[in-house]
Amino acid sequence: LFATHCYAGCGYAVPHDTAPYDDTPTCPQCGSWLRPSVVLFGEQLDVDAQMAARHAVRECDLLIAVGTSGEVSTAANLIRYASDVGALLVSVDPAPGVPPIFDVHVQLPAEDALPRILK
């Protein structure tokens, strides 16, 4: 979330705040587009990232799921893992209705809910 990388995969990556953005964010190494280092719909999550997330969830007491219905398999699996270890499951999503697996549903946009939760 806080990094930018080359879409073409040439290896260029920098923290978000130092990325060379202008009208068209392009990679200074190969000229391809730059993009945030996040996983978008339809993309595969890196296997090492999946394993790290599973390990972290196995040890969590609280899982805050932001902006997910909990129905996309990757997110749903992590939510189930957290439930299996007894973590409190909190959903932050402005949409009404929440899957029953969550213990708490904060029906606010993330930009409003997260600063309050973190206090």
- [ ] Go through the residues of region 75-92 one by one and say whether even a single one is assigned to a loop (DSSP other than H, G, I, E, B), in contact with a Ser or Thr (Cβ under 9 Å, 6 or more places away or on another chain) and modelled with pLDDT under 90.
- [x] no
- [ ] Quickly run through region 81-98 and pick out the residues that are surrounded by 14 or more Cβ atoms within 10 Å (Cβ to Cβ) and either under 20 Å from residue 54 (Cβ atoms) or touching a Lys or Arg at 6+ places or on another chain (Cβ under 8 Å) (or both).
- [x] 81, 82, 83, 87, 88, 89, 90, 91
TODO: Tell me which residues, restricted to region 42-71, are touching a residue at least 12 places away in the same chain (Cβ under 8 Å) and either part of a loop (DSSP other than H, G, I, E, B) or touching a Cys at 6+ places or on another chain (Cβ under 9 Å) (or both).
DONE: 45, 59, 60, 61, 67, 68, 69, 70, 71
Task: Residue list for region 14-32, filter: open to solvent by 70 Å² or more (accessible area, probe 1.4 Å), assigned to a loop (DSSP other than H, G, I, E, B), at pLDDT below 80 and not acidic (Asp, Glu) - done: 21, 24
Open item on the list: Every residue in region 47-80 that is surrounded by 11 or more Cβ atoms within 10 Å (Cβ to Cβ) and within 19 Å of residue 13 (Cα to Cα), please.
Closed with: 49
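The values are calculated or read from the model by the stated rules, or taken from the named source; none is laboratory data. Keep in mind it's a predicted model, so treat the numbers as computed, not measured. Neighbour counts are summed over all protein chains in view; Cβ atoms, including those assigned to glycine, are modelled from backbone coordinates with ideal geometry. Just the protein is used for accessible areas: all its heavy atoms, side chains included, with ligands, DNA and RNA removed. Shrake-Rupley method; radii C 1.70, N 1.55, O 1.52, S 1.80 Å.
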